[in-house]
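K.L.:
Pasting in a structure now, in structure tokens, and then I'll have a few things to ask.
Values in this text are rule-based calculations from the coordinates and carry no lab data. The structure presented is a predicted model; accordingly, all values stated were derived computationally and were not measured. Positions of Cβ are backbone-derived with ideal geometry, glycine not excepted, and every protein chain shown enters the neighbour counts.
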Amino acid sequence: MALDSNAVIGVVGAGAMGAGIAQVAAQHGHRVVLADAFPEALSRARASHARAMSREVEKGRLDRGAADAVLERIGYVTGQTAVDLVALAACELVIEAVVERLDVKVNLFRTVESIVAPDSIIATNTSSLSVAAIGAACERAGRVIGIHFFNPAPVMPLVEIVPAITTRAITTESARALIDSWGKTTVVASDTPGFIVNRIARPFYGESLRMYEEGLADIATIDWAMRELGGFKMGPFELMDFIGNDVNYAVTSSVFEAMFYDPRYRPALTQRRMVEAGLLGRKSKRGYYDYRDGATAPEPMKDSVLGQQIVDRVQAMLINEAVDAVYLRVASPADIDLAMTKGVNYPKGLLALGDEIGPSEVLDRIVALQTEYGEDRYRPSVLLRRAVKQKRSLLA
Ligand SMILES: NC(=O)c1ccc[n+]([C@@H]2O[C@H](COP(=O)([O-])OP(=O)(O)OC[C@H]3O[C@@H](n4cnc5c(N)ncnc54)[C@H](O)[C@@H]3O)[C@@H](O)[C@H]2O)c1
């Protein structure tokens, strides 16, 4: 079923993500029903929409009339029962963005399915739960899909479209076409832990934490190396402080568990201790760095030999992870490279970077780590070995 701008869009959960998604849909001409169990969440969402539209007017991107029209297209609904949410009956697509708990999402999907038309699509914005498990709550699981936006949804261009094994092809096509029409860059990911971005990005944090834990370098030096020599916008420790160490630890732990405790995804004890100590990052004014007034930032060592060693190691682990995601058909090579540049602003797609460095050099680095440490964490992807043997591009 093709969805056009006449389709009414439902969004359930008006927190950071839901409010942003509702705004994007309304800015693209849709009438939107935004629902939340709590009236305070809706008041905050309404205020954030008003602020966002005023900013658009100030920046000259919209005139006042058009900005008001966007705001008028959003209806705010409080409640969580089928009676409260009856306004969703008009929606051809409902996107769920409530708390990250399977029991809550399953209950909500049952309720939403009892309200909407039989051919409406019901999507989840989950970051870490299985779309199949959520879809199983519905009688028509074929219309359930993951539509994974990044935070903040109005700004971040990437959206991962995640069909479950039970999702019908027409649901995937319609969802992707609609989100493309909102000016987003869509990639299709398989329903596997972390989808594309949250899976492949793990070594950016994990390998940096490992080097810090073994005393190879301090956090300021690792961040400096990844920024200045690696070309990343932020170093791993500054980025973890920005995301929140609690959030980052939760994502890592959930991917680790969902991957049946594969050591490649094991969280670091350092992360856990940071969370236990309440050193959550910018939001608690202390994390790997001190953000309190008057605090001074630690100086990096700026040793280019050490810096390059750090960058080489993290890059090799990231490329190996990206190649393994191709091998396990998490997504196409092109979508994997697109996802890492558009979802987490990497300076270059990891497969393209691997080709540039040379697959055999990447393999040598991983094998050297595996030999030195003797850990399964450093096992090279079979596809990397094959690419080297067959002298093939990693993007092929
Ligand atoms: N924050 C991120 O960076 C991010 C990025 C991508 C995806 N996600 C995913 O998006 C979802 C929402 O995340 P968030 O950061 O916006 O959370 P949030 O805590 O800011 O918002 C969740 C909202 O859901 C509401 N809610 C809870 N239970 C409800 C129910 N039964 N019915 C209706 N409303 C209910 C809460 O009142 C709250 O307003 C989660 O699945 C999360 O994993 C988050």
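K.L.:
Under the rule a/c < 1.5 gives rounded, and otherwise a/b versus b/c splits prolate from oblate, where does the stretch 199-389 land using the Cα gyration tensor?
P.N.:
prolate
K.L.:
Output the 0 to 90 degree angle, nearest 10, between the alpha-carbon long axis of helix 359-373 and the longest principal axis computed from the alpha carbons of the chain.
P.N.:
Rounded to the nearest ten degrees, it is 70.
K.L.:
Please report the spacing between the Cα centers of the stretch 1-73 and the stretch 239-292 in Å, no decimals.
P.N.:
The two parts, judged by their Cα centres, are 32 Å apart.
K.L.:
Each residue of the stretch 133-139 in order: what ³J(HN,Hα) in whole Hz does its phi give by Karplus 6.51 cos²θ - 1.76 cosθ + 1.60, θ = phi - 60°, with x for Gly and Pro?
P.N.:
5, 6, x, 5, 6, 9, 5
K.L.:
Through the Karplus equation 6.51 cos²θ - 1.76 cosθ + 1.60, θ set to phi - 60°, convert the phi angles of the stretch 196-208 into ³J(HN,Hα) values in whole Hz; use x for Gly and Pro.
P.N.:
Couplings: 8, 5, 6, 8, 5, 6, 3, x, 4, 7, x, 6, 5 Hz.
K.L.:
Also, I was wondering about something else. Under 5 Å between amide hydrogens, which residues at least 5 positions from Arg286 or on another chain qualify, with H placed 1.01 Å from N in the peptide plane?
P.N.:
Correct list: Leu280, Gly281, Tyr291.
K.L.:
Relative to the longest principal axis of the chain, what angle (0 to 90°, nearest 10) does the C-alpha long axis of helix 245-258 take?
P.N.:
90
K.L.:
Once you charge only the Cβ atoms, +1 for Lys and Arg and -1 for Asp and Glu, what is the size of the charge dipole of the chain about its Cα centre, to the nearest 20 debye?
P.N.:
280
K.L.:
Is the stretch 172-234 rounded, prolate or oblate when judged by the Cα gyration tensor, a ≥ b ≥ c being the square roots of its eigenvalues, rounded requiring a/c under 1.5 and prolate requiring a/b larger than b/c?
P.N.:
Cα axes put the stretch 172-234 in the oblate bin.
K.L.:
Right, another one. Which ³J(HN,Hα) values, rounded to whole Hz and listed in residue order, are derived for the stretch 308-322 from phi using the Karplus coefficients 6.51, -1.76 and 1.60 in 6.51 cos²θ - 1.76 cosθ + 1.60 with θ = phi - 60°, glycine and proline given as x?
P.N.:
Couplings: 5, 4, 5, 4, 4, 6, 5, 4, 4, 5, 5, 5, 4, 5, 5 Hz.
K.L.:
Same structure again: So how many Lys-Lys pairs in the chain land under 22 Å Cα to Cα, not counting same-chain pairs under 8 apart?
P.N.:
The number of close lysine pairs in the chain is 10.
K.L.:
Rg and Dmax of the chain, Cα atoms, in Å?
P.N.:
22.1, 65
K.L.:
As a footprinting exposure proxy, order Val131, Val104, Val305 by other Cβ within 10 Å, with the fewest listed first.
P.N.:
Listing Val131, Val104, Val305 from fewest to most nearby Cβ atoms yields Val305, Val104, Val131.
K.L.:
Oh, and also: Volume per residue, Å³, of the convex hull around the alpha-carbon atoms of the stretch 8-188?
P.N.:
In the stretch 8-188, the Cα hull volume divided by residue count equals 96 Å³.
K.L.:
What trypsin sites (Lys or Arg not before Pro) does the stretch 223-325 have in DSSP loop regions with at most 11 other beta carbons within 10 Å?
P.N.:
For trypsin sites (Lys or Arg not before Pro) across the stretch 223-325 that sit outside H, G, I, E and B with at most 11 neighbouring Cβ atoms in 10 Å, the list reads Arg292.
K.L.:
So for Ile95, Ile74, fewest C-beta neighbours within 10 Å to most, what's the order?
P.N.:
In increasing order of surrounding Cβ atoms, one gets Ile74, Ile95.
K.L.:
Separate question: At most 15 other Cβ atoms within 10 Å and a DSSP loop assignment: could you name the trypsin sites (Lys or Arg not before Pro) in the stretch 1-65 that fit?
P.N.:
Passing sites in the stretch 1-65 are Lys59, Arg61.
K.L.:
Amide H to amide H under 5 Å from Ala35: which residues, 5+ apart in sequence or cross-chain, H placed 1.01 Å off N in plane?
P.N.:
Val11, Val12, Gly13, Val77
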